[in-house]
Amino acid sequence: MTTPPVADRARPTDADMAGYLRRLGVERPQQPTVDALFALHRAQIERVAYENIDTYLGRPAGIDELLSLRRIAAGHGGYCYQANGALGLLLRTLGFDVTRHYAGVHATPEAEGARGNHLALTVRIGDQEWLVDAGLGDGIHEPLPLVAGSYRQGPTTFRMAPSTAEPGGWRFHHDPAGGFHHMEYDPRPAGTSAFDGEHTRLTTSPESGFVKSPVVARRDATGIDVLRGRVLRHTDADGTSEHELATPAAWFEALHDLFHLAPRTLTDDDRAELWARVTRSHQAWLATRTA
């Protein structure tokens, strides 16, 4: 797995960069500094939702990094390959030393290794490397240093440790209340094509959670919001609360106002189909809870 040289990749135009930075609500930094990295990462996490709406509608978008950057600039979010692909391209274009990694997100402590179901990023600035990841849903708000230890961000506590399954890589331990157990990555650079097979599986297999149910997530410095089906879950320092978005008006209002999603490709027919599918899957989920 190797990352192609920059000269071999499509480059974003000035208009692409301006559109993306406008979506993030930040000015273009003058230098690739730690402060600039943190500001861009926070903005991405807060303003670009982790989401699978197009996949749920049966029309998954590709994972080309320039395509992903342009889609996000146009009001979409994305899942790991798209969110981190776009963020990595943005950072690289701004002069940051970015490496893409073949990674694995795991639900249990026993699972390990880089399985390819996740794209992770690291950024080196001077003699310090950082984990940069906008594709973990309820994951990090700011970059984490590749230094073993525990790190508190708002209501969540994370741990970083060297990977035992991927020598030279790192293992990110999620908060126990998070949506997965850990993520770890291969230290070698990875190109986009390394993720093609897993992208196809995750976006087309009937067994994939991305195909079965819509999920939308974002966080900020103090809290995390996750929408699964019609259930909106909020976590902050006071704990976790849930409530149902019982009408299409409430559901789409949350997409726009809470998750900052305004995809121009979502037509009225799409909205009607999306709400009907969400309602069916929600009713099926309720049936499993009362059976």
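The table for this structure:
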item	result
Cα→Cβ-extended label distance, 7 Å offset, between Arg11 and Leu67, nm	2.3
Extension reserve of the Thr204-Thr33 stretch, reckoned as 0.36 nm per residue once the Cα distance is removed	57.6 nm
Nitroxide proxy distance, nm - points 7 Å out along Cα→Cβ at Tyr151 and Glu244	3.9
Theoretical gain in end-to-end length, Arg277 to Ser193 [0.36 nm per residue, Cα-Cα removed]	27.1 nm
Residue of His256, His174, His106 that the Gaussian network model of the chain assigns the largest fluctuation, springs spanning Cα pairs under 10 Å	His256
Tilt relative to the chain, helix 268-290 - C-alpha long axis, 0 to 90 degrees, to 10	80
Extension gain (nm, one decimal) between Phe252 and Arg233, 0.36 nm per residue minus Cα-Cα	5.3 nm
Fluctuation leader among Gly126, Gly62, Gly88 - the chain, Gaussian network, Cα springs under 10 angstrom	Gly126
Share of Cα-Cα pairs in region 143-227 lying beyond 20 Å, as whole percent	53
Gaussian network model of the chain, springs between alpha carbon atoms under 10 Å - residue of Arg152, Arg23, Arg233 with greatest fluctuation	Arg152
Ala161/Ala262 FRET efficiency (R0 41 Å; Cβ-Cβ; nearest 0.05)	0.60
Per-selection Rg to Rh, region 214-291 - Cα, Kirkwood hydrodynamic radius	0.99
C-alpha long axis of helix 80-93 to longest principal axis of the chain, angle in °	40
Calculated SAXS-style log₁₀ I(q)/I(0) at q = 0.17, 0.20, 0.22 Å⁻¹ - region 134-175, Debye, Cα scatterers	-0.45, -0.61, -0.72
Gyration tensor verdict on region 38-142 (Cα atoms; rounded if a/c is under 1.5, prolate if a/b is larger than b/c, oblate otherwise)	oblate
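Read-outs: derived from the displayed coordinates by stated rules, not from any lab. Since the structure is predicted, the reported quantities are computational estimates derived from the model, not experimental observations. Every residue, glycine as well, gets a Cβ built from its backbone with ideal geometry; the counts of neighbours run over all protein chains shown.
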